[in-house]
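> Below: one structure in structure tokens.
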């Protein structure tokens, strides 16, 4: 079977789908021993991905996981799908080549904050702007784990690490704002300590056509333990985190007693308990609103003096449709064939002008 | 005075002018006509490095050299016989390339005070007027003025009129060399089919140039260069770049694979990207990546998916791709890397030629990452060489570096092109799907992606194939399973295995032939790549002088053909001319223990035949260090 027929058959299958779950999560577990540190957040991510895969309705052999370098990058070895553990930062570029030439495959990029935002930052933003139809899972632990504890491009200023004994003076990236700036079409965040939410977000990532950028707050138990505790701890989470749902008002707090309201373009935290504001006054989340999505991505830095700290958003900040690069490449080829006819090699070899020697 | 008609065996013409003077077009039109007349030929364009260097200055000079003849022509010519100069800067930049007694055709409008200043001539007197050109045969024509007068009643604007002046030069040279105007007229009509006014003006000036030669009697001679005795067949003219593009499309066709080309623009490789991006109707995927690393990585991704993955660059870009090429070595996937070499380390001299990346191709990666290397020897040979690079990559699941250079890429020659039915098949077999992961079907329990055949080649097991789910990566892997392994014995085994796999290719490439000369002779000249034409011509002439000198030209540089060592040990002296500081010569010494001696030129220019002959004579008999 030529690749062309394979691709078209797969695409057909994909369109039809069969709806039923063919696999269990075990079917996605490879025979390799998982070798992350005990207690690493990567374990639960692996588990949620393995649980989600049977639900997306794609045949195992059509799924490819591609990683770069770092702790997270071992991930493909633990998935019983096709996989490649490649080189530092380049997974988006490798995935682009694969997806463009094989649009029938479901391609998942596994990357970390160092892999995607330092050495591979260029490929990361290019992937987003091209909107290649792949899913990118950004394991953010705000530290270099595999190289044993240097600060990363998402480490907060002042972080004391092996390479910053006097505190980091680097201003960190805000991965979601960066993704918005690169014209990403799907920008979302979840955390290792909320499996149910993560599974939802993984499914949403799969469903989105275009590059799905899912940031996952992941705890590095050895070098940066507790980096996201405020958001993941059950006690502080209601106060510090806000879960987004499309079409729903921005509510948070233990009993949803707080909300976020927009005063022009200025967000503010309001109480629903003192009778001043009701749900109707709140900011209604709209995944298709770019300006508001950017504002949400900015719930990140410490507040300026006199301003309130905003809760950290989790969920889909932004999701819109835009033509995918891989599809456009195929369209261009189809258009060229339609316009010029299928290329005839002999015409090409002959060129525009020939002469005869007798 | 009557005009004499003289017959010449070979002629070299160099067209030189400002970037805006249309010298490249003039040269290529003369080339087409010459090819249609049945001459053998080689061309070499030289462009300024700057996109639009200031008009009239030496850095802004653009040149096109054409060497044609009734005998075998393999180089663009050492010294030219005719030099066309559209301005003073063109003369200044090119005079040293004109042979003594050569003809200069000078556009006098380009030698006014302003142009002399721009060209930084120090004297007030034009070189056309002092005695500095006494050794040459100078023909002064006010080409600009004649062109304007000829088009005085044309509705075209001033600039459009002036742009026609290159056609005057072309017409004049057609008269000098007894060439018909028809193919150029056809070309102009086609090119300007929507701009009749421009087409007519160009044709008028072309004819004006021709008639000028006929009526003014400024020349005492016209020249005839008879047909060359090329092998019978149908020919076309082709540049190295175009031959590379065609070779890639053909290799994809003959392997029944989609071609995926990931590239990042760099001189002098970008034209391959331009060429391939026009071939979308052949199902060619071209991807202009964000950088060199993404370019090669995308090609690796495509290869993982079952495409013919190709990337291209020049030396600096190849350096950036190094880590990814190492990954492809570890993954054991087919990958073709085109290196269109240019001169110098770092950015060097991008528009100048050199063959100084052989060591980089051979050893330029971390760890031990053996790859195959193939080098074309002439513009037309780029077709077969790149086809071979693809064949080796696909049949041996290995990265292959194709080492061309700027001189080959931009040069052109007549090519007796093949027909599709005569092209060899490239055998590609994807690992078939497994029906059931069980021994009852003769299958091992687990699919083993790194099991090898007797050539040590693993299977190509592409995503989308049921039962073949497996993981590959840059970490050292266990033999057969491909699982990550830090086992010391396994690592040693795998390093040696990857080398042995590369070396096995030697059994699947042709034996080394002697291009010219004898086995077991006194002296052999060993070359690779673009030095072919100069070496072949030099050796041919030296043999005619009675010297016992032979020529061997190596296309397969890694692994070497299996008879190369024995062949080279049959000569008393082994000389290795290279456009670098000695690279193949080192490989022959270290890999084959051959007492070889280098002849090296590092000037960003190819060897001239005369200088090479001299160096060979000097080299013979001198002791080897």
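> If I filter segment A:35-45 down to residues being surrounded by 15 or more Cβ atoms within 10 Å (Cβ to Cβ) and more than 19 Å from the chain's Cα centre (by Cα), which single residue comes out as nearest to the other protein chains (Cβ to nearest Cβ)?
A:36
> It is to be established whether one or more residues within segment B:82-99 are surrounded by fewer than 19 Cβ atoms within 10 Å (Cβ to Cβ) and over 28 Å from residue B:409 (Cα atoms).
There is no residue in segment B:82-99 that is surrounded by fewer than 19 Cβ atoms within 10 Å (Cβ to Cβ) and over 28 Å from residue B:409 (Cα atoms).
> Give me the residue from segment A:218-236 that is outside any loop (DSSP other than H, G, I, E, B) and in contact with a helix residue (DSSP H, G or I) (Cβ under 6 Å, 6 or more places away or on another chain) and, out of that set, farthest from residue A:292 (Cα to Cα).
This residue is A:230.
> If you take the residues in segment B:312-337 that are under 17 Å from residue A:123 (Cα atoms) and touching a strand residue (DSSP E or B) at 6+ places or on another chain (Cβ under 9 Å), which one is nearest to the other protein chains (Cβ to nearest Cβ)?
In this case the residue turns out to be B:324.
> Now, a different point. Run down A:307, A:338, A:353 and say which single residue is at pLDDT below 95 and within 14 Å of chain B (Cβ to nearest Cβ).
A:353
> Could you say which residue among B:449, B:439 is loosely packed, with under 14 Cβ neighbours inside 10 Å and either modelled with pLDDT of 95 or more or more than 30 Å from residue B:14 (Cβ to Cβ) (or both)? If you could, list the steps in order and put the result at the bottom.
Details: B:449 fails: loosely packed, with under 14 Cβ neighbours inside 10 Å.
On inspection, the qualifying residue turns out to be B:439.
> Which residues, taken from segment B:484-500, are assigned to a loop (DSSP other than H, G, I, E, B) and touching a helix residue (DSSP H, G or I) at 6+ places or on another chain (Cβ under 8 Å)?
Step one: of segment B:484-500, the residues assigned to a loop (DSSP other than H, G, I, E, B) are B:485-487.
If the condition is that a residue be assigned to a loop (DSSP other than H, G, I, E, B) and touching a helix residue (DSSP H, G or I) at 6+ places or on another chain (Cβ under 8 Å), then B:485 is the only one that fits.
> Are any residues in segment B:184-213 in a loop (DSSP other than H, G, I, E, B) and under 28 Å from the mean Cα position of the chain (by Cα), and if so, which ones?
none
> Right, here's the next one. Name the helices (runs of 4 or more DSSP H) wholly inside segment B:548-625 in which the number of residues that are within 22 Å of residue B:79 (Cβ to Cβ) and at pLDDT 95 or above is 1 or more.
B:609-619
> Quick check on residue B:395: is it at pLDDT below 95 and assigned to a helix (DSSP H, G or I)?
Working: at pLDDT below 95: no; assigned to a helix (DSSP H, G or I): yes.
So residue B:395 fails the test.
> Residues of segment B:471-490 being within 40 Å of the chain's Cα centre (by Cα) and within 11 Å of chain A (Cβ to nearest Cβ), which ones?
B:471, B:472, B:473, B:474, B:475, B:477, B:482
> Restricting to segment A:278-299, name every residue that is buried (at least 16 other Cβ atoms within 10 Å of the Cβ) and farther than 16 Å from residue A:188 by Cα.
A:282, A:283
> On to the next question. Could you tell me whether residue B:280 is within 23 Å of the chain's Cα centre (by Cα) and at pLDDT 95 or above?
Answer is no for this residue.
> Inside segment B:287-303, can you point out the residues that are under 23 Å from the mean Cα position of the chain (by Cα) and more than 26 Å from residue B:47 (Cα to Cα)?
Answer for segment B:287-303, where residues must be under 23 Å from the mean Cα position of the chain (by Cα) and more than 26 Å from residue B:47 (Cα to Cα): B:287, B:295, B:296, B:299.
> Looking only at segment B:501-519, count every residue that is surrounded by 14 or more Cβ atoms within 10 Å (Cβ to Cβ) and part of a helix (DSSP H, G or I) and tell me the total.
6
> Continuing with this model, one more query. Would you check if residue B:464 is within 14 Å of chain A (Cβ to nearest Cβ) and either under 19 Å from residue A:78 (Cβ atoms) or at pLDDT below 95 (or both)? Before you say what the answer is, go through the steps one by one.
Details: within 14 Å of chain A (Cβ to nearest Cβ): yes; either under 19 Å from residue A:78 (Cβ atoms) or at pLDDT below 95 (or both): no.
So residue B:464 does not fit the description; no.
> Only one of A:24, A:29 is over 26 Å from residue A:228 (Cα atoms) and within 14 Å of chain B (Cβ to nearest Cβ). Can you tell me which?
Result: A:29 is the single residue among A:24, A:29 that is over 26 Å from residue A:228 (Cα atoms) and within 14 Å of chain B (Cβ to nearest Cβ).
> For segment A:310-331, enumerate the residues that are within 14 Å of another protein chain (Cβ to nearest Cβ) and in contact with a helix residue (DSSP H, G or I) (Cβ under 6 Å, 6 or more places away or on another chain).
Of everything in segment A:310-331, those that are within 14 Å of another protein chain (Cβ to nearest Cβ) and in contact with a helix residue (DSSP H, G or I) (Cβ under 6 Å, 6 or more places away or on another chain) turn out to be A:325, A:326, A:329.
> In addition: Do we have residue A:123 as within 13 Å of chain B (Cβ to nearest Cβ), within 20 Å of residue B:295 (Cβ to Cβ) and assigned to a helix (DSSP H, G or I) here?
Yes.
The values are calculated or read from the model by the stated rules, or taken from the named source; none is laboratory data. This one's a predicted model, so the numbers in the text were calculated from it and none came from an experiment. Positions of Cβ are generated from backbone atoms using ideal geometry, with glycine treated the same way; all protein chains shown enter the neighbour counts.
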